[in-house]
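The values are calculated or read from the model by the stated rules, or taken from the named source; none is laboratory data. Keep in mind the model is a prediction, meaning the values are calculated, not measured. Virtual Cβ from ideal backbone geometry, glycine too; neighbours counted across all protein chains shown.
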């Protein structure tokens, strides 16, 4: 069964700690994305990667970092520099074509106190 | 569940009626459009897409209409069911791979 797996579903951290969110896909997609979703707002792009070992900053990359060492995996680290890290984080993937949809995982809800 | 639907416009529809959800897109260069459904606590689920060389596309119980002149997209759901209750949002994608997501509309089904 192909899809995108995000883990964990819920994550709790203390302020000042870095935390890494996992995203794995078995759809053989080249492109992967990280979005942040806050109540009442559209999805905001954090980072994206169109090929292994390469990634680009999105609109709100400050305080986040990513890696893309394998095609299947695109982990996101929320660092202590992120001023407002509590949010719902969504990972997505797509084939490398503009006229194809993004497929999303079921998200990770991060709460930082 | 995830509170992503807070402060969103809400459409209330009687069970069995048709629902029409609208979206105004912003980028004139957008060439491809997608509708997503998002249930509480879950990620967005692909419903239907349409390319800019079309003005209508039908799926199972859903139809998407595209009016490029006024940059408007709509999603029609026939015979709305309780399971259709969710937040629906549109997305636009351009050839230079700029992707913009709408904020969404909450669809509420009345019994």
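What to note about this one:
- Residue ID - farthest from the other protein chains (Cβ to nearest Cβ), chosen from residues in segment A:94-113 that are closer than 13 Å to residue A:50 by Cα and surrounded by fewer than 21 Cβ atoms within 10 Å (Cβ to Cβ): A:95
- In segment B:93-108, the residues that are free of Cβ contacts under 8 Å to residues at least 12 places away in the same chain form no Cβ pair under 7 Å with any partner that is exposed (fewer than 14 other Cβ atoms within 10 Å of the Cβ) and in a strand (DSSP E or B), whether six or more places apart or across chains.
- Condition check for residue B:34: outside any helix (DSSP H, G or I), closer than 29 Å to residue A:23 by Cα and modelled with pLDDT of 95 or more: yes
- Test set (1) closer than 18 Å to residue A:93 by Cα; (2) within 12 Å of chain B (Cβ to nearest Cβ); (3) at pLDDT below 95 - residue A:39 fails condition number: (1)
- Test: residue in segment A:65-76 that is buried (at least 19 other Cβ atoms within 10 Å of the Cβ), free of Cβ contacts under 8 Å to residues at least 60 places away in the same chain and in a strand (DSSP E or B): yes
- Total residues in segment B:40-56, condition touching a residue at least 12 places away in the same chain (Cβ under 8 Å) and assigned to a strand (DSSP E or B): 6
- Residue A:98 within 21 Å of residue B:32 (Cα to Cα) and outside any loop (DSSP other than H, G, I, E, B): no
- In summary, strands (runs of 3 or more DSSP E) completely within segment A:1-57 and bearing 3 or more residues that are surrounded by fewer than 15 Cβ atoms within 10 Å (Cβ to Cβ) occur at A:54-57.
- Any chance residue B:26 is surrounded by fewer than 12 Cβ atoms within 10 Å (Cβ to Cβ) and either at the interface with chain A (Cβ under 10 Å from one of its Cβ atoms) or under 25 Å from residue A:89 (Cα atoms) (or both): yes
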